[in-house]
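*Asks:* Before I ask anything, let me first share the structure, which is written out below as structure tokens.
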Amino acid sequence: MKFKYHYKNIFKLTLFFLLISLISVQAATLETPTPLKGEIKGKVIDASKKKALVGVNIFVEYTTIGAATDIKGEYHIPKAPVGDKIHLVASIIGYKMSHKIIEVKEDETVIINFELEPTILEMGAIVVTGTGTPHIVEDMPVRTEVIPRRLIEQKQAVNLAEALSFQTGIRVENNCTNCNFSQVRILGMDGKYSQILIDGDPVVSSLAGVYGLEHFPEEMVDQIEIVKGGGSSLYGGGAVAGVINMITRRPLLNQVRIKYLHNSTDGKIDEHLGAVAETVNEKGTSGAYVFGSFRKRNPYDHNNDGFSELGELRNESVGFKWYYKPIQSGELLTSFHRIHEERRGGNKFDKPVHEAEIAEWLEHWRSGGTVRWNQRPSVFFDYRFYYSFSIENRKSYFGGLGGNTDQDQLDALAFYGKTENPLHLGGMQANYQYRGHLLTAGLQYSRDKLNDETSAETAYHIDEVYTNTGIFLQDNLHFGSDEQVEFVVGTRMDKHSELKDWVFSPRINGKFQIGGGFTLRAAFTTGFKPPQTYDEDLHLGGIEGDQRIIRNSPDLKEETSNSFSGGIEFQGYVNNMAMMASFTVFQTTLKDAFTEEFVSKQGVIERWERVNSDGAEVKGIEFDLGIRPVSSLEVRAGFTYKKSEYDSPLEDFNTKNFLRTPDFYGNFRLSFNPTSNLNCYINADYTGKADVPHEIAVEGQEDPELILEKSDSFSQIDLGLSYSLPLNSGVDTKINLGIKNVTNAYQDDLDVGPDRDPAYVYGPIRPRTIYFGLETAF
């Protein structure tokens, strides 16, 4: 096996195995549990309401052994380890974790019940993204942020993009007034550096990443997990700035839910209708979840120049998830979704696209799904095999006269396109518990085919197949009194088809519980991006019809990153008040960072080449605070301050600063339940000033002028109210009312007319919007 920069990797490998050996000496003093097994059963209820809690995770700490409560609040762990100091944990998001030390004897059944008390909304969640194995979020050795289902509903988010907004260190932005291409930035880094997962699988391809944030409807999403910093040691290429894992809904109840949401932006309507149905059999051996949604948005013109800032959009989505347990220790899980979306920006929406002065039209079809087999043959060993896929097809049109009236010029500026992008992913993962170690190993193979064509004779076409083979190994180990010291040490080897050599991605994360609710965390992680086609290459856009075609240099090397982070966190109670606070410092350095160089221009086609630059650095601090002074009130706040610079100035602007990303941004959230039926919600978001590139058309000049603007800062406030109606038994109805962007904070220097720069857009995605929603579950 050949390593790139082999002498450096030998040093890293030596350090990696030395760390495992040294720490294993400490862990070796722990006694190995006997391989005998027992059984644990019980019930979990709300401590104040005395009602059964559904979906509570009950598990043996520092293992993958566990179960979830059913509709009656009952759980069953058929294969539990035997011993007199078994650490059993009950955890569900929004409730204080309950921990009990119990005794389990061979072939005996132990009854353990729990009563849980409410706490900070995000606490109590079970997360898997940081290590690939389940942990309670507050005990996670890898700092993980959670967006729970309840918060998604509070935000009245209709898709993944809206669900991600208002999170510390996370920004979702609109990058085009024609098509509303959006991207998510983690700690200010471009969206291409964030890897989006679906249930832990990297099946959101480069093409899907262009508009995929808005493709996935809220009906699919149960929880979102965010891990910042390099994540290639688990997930391969792409996880440089961080990982966003969209956890899809799993059936828990027998219910049907129908939801309608009506948004009005200055009289322009955006409607969303969704329905879900889930069912679970009495034994809990099989369950199914089915969803469907429809969205229609009318175009919105903010500055009344006749051209849209928010384009016309229509989305239809359907899907399902089904699980079946043919044996007590094994589960077969399948899921599938089909998404169709059509969007158009520009003007003259009542006419065909080729008759508009400017029109950008895209139609997407996405099919995706997974088949997964999980089994636990013994108390200490479990494994899974999986196959996932996504098939993305797109038709597109970009064209228009701009400021011209010549039909021949129109023909030259009109581009029809067709793109096909099937992606297949398969692999396996095994977990083995030995003394204080939880060993994880896996193998993953992906095949990503991209065929992108346009009708423009002078444009490049893409017809590529990218394959990647990844092998990873990880040790999650615990030692010390009460297991207060925890490390995650791992590495992954990737062989990408565009690279001659294997890429080595090590990591080490450490956690130390210093007592009194305080925890120290530190991490060194790595990431890389292979030299293939990325989302910005597949995004249509331009000024006066000019098109920028970006292709890779023949000798382009992979981009690599090293991330360091450390911080202190408090989670606990102060005078019976639930509280969490964290302070984190971070630094990410990029080597061989990708940048673009101008090559030539032929007609309306600009040719650019992606090359390696010297590198870049992002560093800063984050602070998060959450308090729950009484059970009916919760307050959350956070901010990020950072500096992000390239090693060398950008060619066009003579600046080292990252573009389109502010140095300071923060958020505030308040949730208040004055009665059991009423919830009041306030969300505020601050975005500081940023450098934004701007192309300005100059009369009589062939090429537009390129300048660097300083954006305004924005403070956006959302207000919401939800009221549950006491209807007939078994029927729950909720009314949602609110205003998004109350202060109407919006960019006030948008370009006007057909010669506008569609990429010159910043600030909040939508202006003041009034919404009304009705939701019924039965």
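The values are calculated or read from the model by the stated rules, or taken from the named source; none is laboratory data. Note that this is a predicted model, so its numbers are computed, not measured. We place every Cβ from the backbone using ideal geometry, glycine too, and count neighbours over all the protein chains shown. The accessibility values were calculated without ligands, DNA or RNA, using every heavy atom of the protein model including side chains. Shrake-Rupley method; radii C 1.70, N 1.55, O 1.52, S 1.80 Å.
*Asks:* For a Förster distance of 30 Å, can you work out the FRET efficiency between the beta-carbons of GLU316 and SER631, rounded to the nearest 0.05?
*Replies:* 0.15
*Asks:* So what is the relative contact order of region 97-146, in percent, for Cα pairs below 8 Å that sit 6 or more residues apart?
*Replies:* RCO, region 97-146: 24 percent.
*Asks:* Would you indicate which of (i) 145; (ii) 230; (iii) 170 is the value of volume of the Cα convex hull per residue in Å³ derived from the coordinates of this structure?
*Replies:* (i)
*Asks:* Follow-up. Rounded to the nearest Å, what's the spacing between the alpha carbon centres of region 186-206 and region 737-765? Just the number, please.
*Replies:* So the separation of the two Cα centres works out to 26 Å.
*Asks:* Is the C-alpha gyration tensor of region 459-504 telling us rounded, prolate or oblate? Criteria: a/c under 1.5 is rounded; beyond that, a/b larger than b/c is prolate, otherwise oblate.
*Replies:* prolate
*Asks:* Averaging sequence separations of C-alpha pairs under 8 Å and six or more residues apart, then dividing by the length of region 278-362, give the relative contact order as a whole percent.
*Replies:* This gives 24 percent for region 278-362.
*Asks:* Here is a follow-up. For the chain, find the longest principal axis of its Cα atoms and tell me its angle to the long axis of helix 6-27, 0 to 90°, nearest 10.
*Replies:* 30
*Asks:* Once label points are set 7 Å from the Cα along Cα→Cβ at both LYS449 and LYS601, what is their separation, rounded to one decimal in nm?
*Replies:* Each label point lies 7 Å from its Cα, and together they span 3.8 nm.
*Asks:* Once you've got the Cα coordinates, tell me which of LYS72/LYS321; LYS500/LYS656; LYS395/LYS557; LYS192/LYS511 are over 26 Å apart.
*Replies:* The pairs that break the limit, which is 26 Å between Cα atoms, are LYS500/LYS656; LYS395/LYS557; LYS192/LYS511.
*Asks:* To the nearest 10 square angstrom, what accessible area does ASP448 show with a 1.4 Å probe?
*Replies:* We get 20 Å² for ASP448.
*Asks:* Sorted by accessible area (1.4 Å probe), largest first, how do PHE528, PHE389 line up?
*Replies:* From most accessible down to least: PHE389, PHE528.
*Asks:* If r is the Cβ-Cβ distance from LEU737 to HIS694 and R0 is 45 Å, what FRET efficiency results, to the nearest 0.05?
*Replies:* 0.75
*Asks:* Right, something else. Run the dipole for the chain about the Cα centre, Lys and Arg Cβ at +1, Asp and Glu Cβ at -1, nothing else charged, and hand back the magnitude in debye, nearest 20.
*Replies:* Dipole of the chain, to the nearest 20 debye: 3420 debye.
*Asks:* Also, quick follow-up: Give me the dipole magnitude in Debye, nearest 20, for region 656-766 about the Cα centre, with unit charges on the beta carbon: positive for Lys and Arg, negative for Asp and Glu.
*Replies:* Taking the Cα centre of region 656-766 as origin, the dipole is about 1020 debye.
*Asks:* For region 222-363, just list the percent of Cα-Cα distances falling in each 5 Å bin from zero outward, please.
*Replies:* Using 5 Å bins, I get a P(r) of 2, 8, 12, 12, 12, 13, 14, 12, 7, 4, 2, 1, 0 for region 222-363.
*Asks:* Could you please put SER91, SER600 in sequence from largest to smallest accessible area, using a 1.4 Å probe?
*Replies:* From most accessible down to least: SER600, SER91.
*Asks:* Report the relative contact order of the chain, percent, no decimals, based on alpha-carbon pairs under 8 angstrom and at least 6 residues apart.
*Replies:* 10
*Asks:* Students often forget the sequence filter, so: which aspartates and glutamates lie under 17 Å Cα-Cα from LYS43 once same-chain residues fewer than 8 apart are removed?
*Replies:* ASP70, GLU74, GLU115, GLU117, GLU282
*Asks:* Dipole magnitude of region 111-183 about its Cα centre, charges +1 at Lys/Arg Cβ and -1 at Asp/Glu Cβ only, in debye to the nearest 20?
*Replies:* Rounded to the nearest 20 debye, it is 260 debye.
*Asks:* Below 12 angstrom from the Cβ of TYR723, what's the summed charge of the other residues (Lys, Arg +1; Asp, Glu -1)?
*Replies:* -1
*Asks:* Could you work out how much longer the chain between GLU651 and PHE570 gets when fully extended? Use 0.36 nm per residue separation minus the Cα distance between them, nm to one decimal.
*Replies:* 24.7 nm is the gain from fully extending GLU651 to PHE570.
*Asks:* For MET579, MET140, give the ranking by accessible area with the largest first, probe 1.4 Å.
*Replies:* Descending order: MET579, MET140.
*Asks:* Give the distance, in whole Å, between the Cα centre of region 628-678 and the Cα centre of region 327-348.
*Replies:* Taking the Cα centre of region 327-348 as reference, the centre of region 628-678 is 30 Å away.
*Asks:* Ignoring ligands and nucleic acids, what accessible area does LYS710 show with a 1.4 Å probe (Å², nearest 10)?
*Replies:* 120
*Asks:* Still on this structure, I have one more. So how much slack lies between GLN375 and ILE717, counting 0.36 nm per residue of separation and subtracting their Cα-Cα distance, in nm?
*Replies:* 118.4 nm
*Asks:* By a straight-distance test (C-alpha under 23 Å), which lysines pair with LYS740 as possible cross-link partners, with residues fewer than eight away in the same chain excluded?
*Replies:* Straight-distance partners of LYS740: LYS155, LYS259, LYS268, LYS296, LYS689.
*Asks:* VAL290 accessible area, nearest 10 Å², 1.4 Å probe?
*Replies:* So the heavy atoms of VAL290 present about 80 Å² to solvent.
*Asks:* From a point 7 Å beyond the Cα of SER264 in the direction of its Cβ, which residues of region 727-749 have a backbone N at a distance under 20 Å?
*Replies:* 735-745
*Asks:* Now, a different point. Under the Karplus relation 6.51 cos²θ - 1.76 cosθ + 1.60, θ = phi - 60°, what is the ordered set of whole-Hz ³J(HN,Hα) values for region 679-696, x standing for Gly and Pro?
*Replies:* Computed from phi, the couplings for region 679-696 are 10, 10, 9, 10, 9, 10, 9, 10, 10, x, 6, 9, 7, 10, x, 9, 9, 10 Hz.
*Asks:* Follow-up. Can you tell me which aspartates and glutamates have their Cα less than 16 Å from the Cα of LYS351? Leave out same-chain residues fewer than eight positions away.
*Replies:* Correct list for LYS351: GLU312, GLU342, GLU360.
*Asks:* Measure off 7 Å from each Cα along the Cα-to-Cβ vector at LEU678 and ALA430, then give the distance between these two points in nanometres to one decimal.
*Replies:* 5.9
*Asks:* Projected onto the charge dipole of the chain (+1 at Lys/Arg Cβ, -1 at Asp/Glu Cβ, origin at the Cα centre), which of GLY230, HIS364, ASN175 gives the Cα projection farthest towards the positive end?
*Replies:* GLY230
*Asks:* In whole Hz, with x marking every Gly and Pro, tabulate ³J(HN,Hα) for region 194-210 from phi via Karplus 6.51 cos²θ - 1.76 cosθ + 1.60, θ = phi - 60°.
*Replies:* 9, 9, 9, 10, 10, 6, x, 9, x, 10, 9, 6, 4, 5, 5, x, 5
*Asks:* Then there is this: Classify region 157-272 as rounded, prolate or oblate from the Cα gyration tensor: take a ≥ b ≥ c as the square roots of its eigenvalues, call it rounded if a/c is under 1.5, otherwise prolate when a/b beats b/c and oblate if not.
*Replies:* It comes out oblate by the Cα gyration axes.
*Asks:* Can I ask one more? By how many nm would the segment from THR334 to ARG150 grow when fully extended, if each residue of separation counts as 0.36 nm and the alpha-carbon distance is taken off?
*Replies:* Between THR334 and ARG150, full extension yields an extra 63.8 nm.
*Asks:* Using helices alone, what [θ] at 222 nm do you get for the chain, with -39,500 (n - 2.57) per DSSP H run of 4 or more residues, divided over all residues and rounded to the nearest 500?
*Replies:* -2000 deg cm²/dmol
*Asks:* Okay, moving on. With just the Cα atoms defining each centre, how far is region 143-160 from region 47-122? Give it in Å.
*Replies:* 25
*Asks:* With a/c under 1.5 counting as rounded, go ahead and sort region 638-719 into rounded, prolate or oblate using the C-alpha gyration tensor (a ≥ b ≥ c being the square roots of the eigenvalues; past the cut-off, prolate if a/b is larger than b/c, else oblate).
*Replies:* Note, shape of region 638-719 comes out oblate.
*Asks:* With labels modelled as points extended 7 Å from the Cα through the Cβ direction, what inter-label distance (nm, one decimal) is found for TYR416 paired with ILE514?
*Replies:* 6.6
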